[in-house]
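Student: The structure that follows is given in the form of structure tokens.
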Amino acid sequence: LVGSEMCIRDSHFVQHVNLAAANVHVPSSEIAATELARQCHDYQQQIIVEGGIDYQLLILRSHGCIGFNEPGAPQTCHMRRVHLDTKTREQAVPLFGDLLHVPHHAVTLGYEELLQARHISVLAFGHKRAHAVQQVMNGAVDAEWGATWLRGHLHATLLADQAAAAEL
């Protein structure tokens, strides 16, 4: 699933801005479970060595979360392997052709790492994101709508098309 997000990110963003591919870092989801803890530790250390995350580009999920953090994930959660719920997997079917081909797990940065980025842009497109956009902008700040924590970030921007902003 991360691979599909990388394709979307690359075709709609990276190819159109002055951003060297070497400056784009994404954790691998295709890693043995025995190597997961090491990969997460190494990735978190790389963030520290590089001086933190300058810019984080995210997609708002229809259930109001960012990254692959599912509803209920605490603000203090760290990078980890997550089980993808049915709704997340169903949303990925167009990228994989069939639900059988959509992975059941992904590796994601937790809110702890995401919220430390100096600048964050969150993309929300389409009517299926309208309720999530409304909740993120106007709902209670809580773990069920994890992207609501972005309201406390000094440099977070939500970019929504007209359909996604319909409930505002």
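The values are calculated or read from the model by the stated rules, or taken from the named source; none is laboratory data. As the structure is a computational prediction, the values presented were derived from the model and not from experiment. All Cβ positions, even for glycine, are placed from backbone atoms using ideal geometry, and neighbour counts span all protein chains on display. Just so you know, the surface numbers come from the protein's heavy atoms only, side chains and all, with ligands and any DNA or RNA stripped out. Shrake-Rupley method; radii C 1.70, N 1.55, O 1.52, S 1.80 Å.
Student: Counting only residues that are in contact with a Lys or Arg (Cβ under 9 Å, 6 or more places away or on another chain) and in contact (Cβ under 8 Å) with a residue 12 or more places away in the chain, which one in the range 125-145 is most open to solvent (accessible area, probe 1.4 Å)?
Tutor: Met137
Student: I'd like the full set of residues that are open to solvent by 90 Å² or more (accessible area, probe 1.4 Å), part of a helix (DSSP H, G or I) and modelled with pLDDT of 75 or more, limited to the range 10-36.
Tutor: His16, Asn23, Thr34 - these are the residues of the range 10-36 that are open to solvent by 90 Å² or more (accessible area, probe 1.4 Å), part of a helix (DSSP H, G or I) and modelled with pLDDT of 75 or more.
Student: Pairs please, first residue from the range 83-96 and open to solvent by less than 90 Å² (accessible area, probe 1.4 Å), second anywhere and in a helix (DSSP H, G or I) and at pLDDT 85 or above, Cβ atoms under 6 Å, 6+ apart in sequence or on different chains.
Tutor: Final answer for the pair search is Val93/Leu99.
Student: Then there's this: With respect to Arg81, is the statement that it is modelled with pLDDT of 85 or more, outside any loop (DSSP other than H, G, I, E, B), touching a Leu at 6+ places or on another chain (Cβ under 8 Å) and more than 30 Å from Ala165 (Cα to Cα) true?
Tutor: So Arg81 passes the test.
Student: Has the range 109-125 got any residue that is in contact with an Asp or Glu (Cβ under 9 Å, 6 or more places away or on another chain) and farther than 25 Å from Val141 by Cβ?
Tutor: no
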